[in-house]
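Step one of this worksheet: look at the structure below.
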Amino acid sequence: MSAETRSARAHAASGAVQAGTGGIEHRWLVVALVLVLALAWGVLPDFTITLLNYIGLHALVALGLVMLTGVGGMTSFGQAAFVGLGAYATAWVCTAPEVAAALDGLPPAVLPWAGLLLGLALTLVVALALGAVTLRLGGHYLPLATIAWGLSLYFLFGNLGFLGGHTGLTGIPPLTLAGVSLADPRALGVLIWTLLLLAVWALHNLLDSREGRAIRALKSGRLMAESMGVDTARQRTKVFVLAALLAALSGWLYAHLQRFINPTPFNLNIGIEYLFMAVVGGSGHLWGALLGATLIALLKEQLQDILPKLLGMSGNFEIIVFGLLMMLVLQRYAEGLWPTLAGWARRLGARPTPPRLPAPQPLPVRPLPSPGTVLIEARGVTKRFGGLLANSQVSLDVRAGEVHALIGPNGAGKSTFFNMISGVDDPTEGEVRLMGEPMTGQPSRAFARRGLGRTFQHVRLLGQRSVLDNVALGAHLRGRRGWLASMLRLDRHEEAALLAEAMRQIERCGLAEHAHAPAASLALGQQRIVEIARALAGQPAVLLLDEPAAGLRHLEKQALAALLDQLRREGLGILIVEHDMEFVMNLADRITVLDFGTVIAHGSPAEVQRDPRVLAAYLGDDGSGSVA
Ligand code: ADP
Ligand code: MG
């Protein structure tokens, strides 16, 4: 059993425990935490307030990294540079004589806010530019690129004369908010923590939405998400910019807390520390950012005190111990410490806040083409992988209201053909039309938008997410609400509708009892059915199924056949790749047979079963025996 499956099963087990109504909801725990912090704020010693302020500032950056790295799967070592952009922008605006001259007449209290605007705008531009270049890089190249620009920006800060070089800038004024001075760290801390908690709230909302499902697919399911209509490149850029803006915000607050800045806190070491915070806290969990920032602040603090006494000399030894501890923690808690903490809380009676959704709004409905309409038309599709001819001059069409089966031995080129007609890959030659529209060069999300739904031979589900969540991603294109609406919870009617639609398809596919279980906890055959439900949630006109019956038991196969038959009667066009000949022969209206990438037969099940070339392909050259 894979680690993912194992932990998914554990989640499923804990889900059963959570289903009870006893215990405290998470939301009340958060409220209690905020209240305690608010009440204690006035009486905590200065020293603690300073520590909490730094924790808040670091957590803002780590929060962006949780989104970027933990959720979105893009590792960045360079976030400290964005913190620097935010800090230097406001420091320059507030201290440069040119700016003072240009903004002559404006009250000085406005300057820090102008600095904030400049910092965010600058960060936006820089992040968009860096994102355009680096986010396309795969594998280890992206993290390496973040190191490169992290270093570049750091040296830029130190070498620009008007930013004070390595000495930096001093005399940065305190913030004033609605006439109140935030010169006292205790006062500024209120703003820091308010912004941090607001950011947690907004990001929590974002992740719990249509857009959140798309974001969660970025890490391991980009190809799948594209087939559900998600523009994954755009989502990646947005997450990247979001993380950068949070870092810049932290930098702005830092500059007005510290009141002087130099390049040191924006160097690569600190960038690595931010990443540690996100990863140690729990890279996929928003609260993990707070936990990580707290732990690392406390640890550094302690180590700086203890180590000199222990070793009898001073130096940067804490960095070494720090690194070793980090390795130990990650070895023992690969998902960070937050899941462990959450597990303790669960044992003490905490339970997730149940979703409260309003009445669903109606979703757009796509009228199905009339029976017999040609939905997919492939003409002379050829695909070469180097010297290998995976598809050779394959022509085939799928009409509304029919089940068309594509069969052939392993390696015949069936999955390759699926990729050709769903935009996952482009044919070397030939043309594919969808609903009469030529689709050459279009991405798979354009196919989804025009009414194509598909499943994958190798199941592509987000294993840790619930079946419901996975299926709802299939309905992505039927929703409109974007990031901002999701963050502000303005998407609830639509979200209710998307989840209701997902639930309807899950019930229709006979998986209602598993709706809230993590997808990876289901048997592989059932996971294939989840993929069908996900495709149906997009309300497709044409459905491509790659070996949907593999791994199903006899009764489950019958249920699947009944479902596909019903879909056919509703007017869908279905193209199915399947190895179970009994299943195919009983269900299909027409069959196309591929062998070595070439169509060797085409016709009704009866015709195909008699075809000597088919018999030869399946049974060797002697041709004895039958396909069924
Ligand atoms: P089927 O689905 O009918 O079993 P496939 O379409 O998966 O067959 O594969 C057809 C042939 O193309 C096989 O020989 C396979 O090894 C090859 N092939 C498939 N995808 C690729 C790829 N991305 N690069 C190189 N060869 C590939
Ligand atoms: Mg295949």
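The values are calculated or read from the model by the stated rules, or taken from the named source; none is laboratory data. Bear in mind that the values here come from a model prediction, so they are computed numbers and not experimental data. Backbone-built Cβ (ideal geometry, glycine too); neighbour counts: all protein chains shown. Protein only, heavy atoms only, side chains kept; ligands, DNA and RNA dropped before computing areas. Shrake-Rupley method; radii C 1.70, N 1.55, O 1.52, S 1.80 Å.
List of remarks:
- Global geometry of region 30-268, whether rounded, prolate or oblate, following the gyration tensor of its Cα atoms and the 1.5 cut on a/c: oblate
- Under the criterion of Cα pairs below 8 Å and six or more residues apart, the relative contact order for the chain equals 17 percent.
- Residues in region 469-510 that a label on residue 234 would reach, taking backbone N under 20 Å of a point 7 Å out along Cα→Cβ: 472-492, 494-495, 498
- Nearest 10 degrees, 0 to 90: helix 111-134 Cα axis against the chain principal axis: 40 degrees
- Taking region 30-268 and dividing mean pair separation by its residue count, relative contact order in percent (alpha carbons under 8 Å, at least six apart): 40 percent
- Förster radius 60 Å - calculated FRET efficiency between residue 504 and residue 183 (Cβ-Cβ, nearest 0.05): 0.55
- Cα convex hull of the chain - mean projected area over all directions, nm²: 33.8 nm²
- In this rough spin-label picture, where each label sits 7 Å from Cα along the Cβ direction, the residue 170-residue 259 distance is 1.2 nm.
- Protein accessible area in region 93-164, 1.4 Å probe - carbon and sulfur %: 77 percent
- Extension gain, residue 327-residue 565: 0.36 nm per intervening residue step, less the Cα-Cα distance, totals 80.2 nm.
- A full extension of the chain between residue 135 and residue 298 corresponds to an added length of 55.3 nm, given 0.36 nm per residue minus the alpha carbon distance.
- Compared with the direct C-alpha span, the chain from residue 162 to residue 46 gains 38.4 nm at full extension, assuming 0.36 nm per residue.
- Using a cutoff of 8 angstrom between alpha carbon atoms and counting only pairs six or more residues apart, the relative contact order for region 425-507 works out to 23 percent.
- Cross-link pairs beyond the 31 Å C-alpha cut-off, checked among 238/300; 238/414; 414/557: 238/300; 238/414
- Accessible area per residue, Å², region 374-619 with all protein chains present, probe 1.4 Å: 38 Å²
- Distance (nanometres) between label positions extended 7 Å along Cα→Cβ at residue 121 and residue 305: 4.5 nm
- Plainly put, region 374-619 has a radius of gyration that is 0.98 times its Kirkwood radius, both from alpha-carbon atoms, as the Rg/Rh ratio.
- Sequence-distant aspartates and glutamates (8 or more away, or on other chains) whose Cα lies within less than 18 Å of residue 219: 4, 208, 211, 231, 335, 469
- Average accessible area per residue (Å²) across region 30-268 - probe 1.4 Å, nucleic acids and ligands excluded: 40 Å²
- Between region 337-365 and region 162-178, the Cα center-to-center distance that results, in Å: 43 Å
- Region 374-619, accessible surface, carbon-and-sulfur percent (1.4 angstrom probe): 50 percent
- Mean-position separation - Cα centroids, region 521-592 and region 260-320, in angstrom: 53 Å
- On region 189-342, 64 percent of the accessible area sits on carbon and sulfur atoms, based on a 1.4 Å probe.
- Rounded tilt (10° steps) of 268-282 against the dominant C-alpha axis of the chain: 60 degrees
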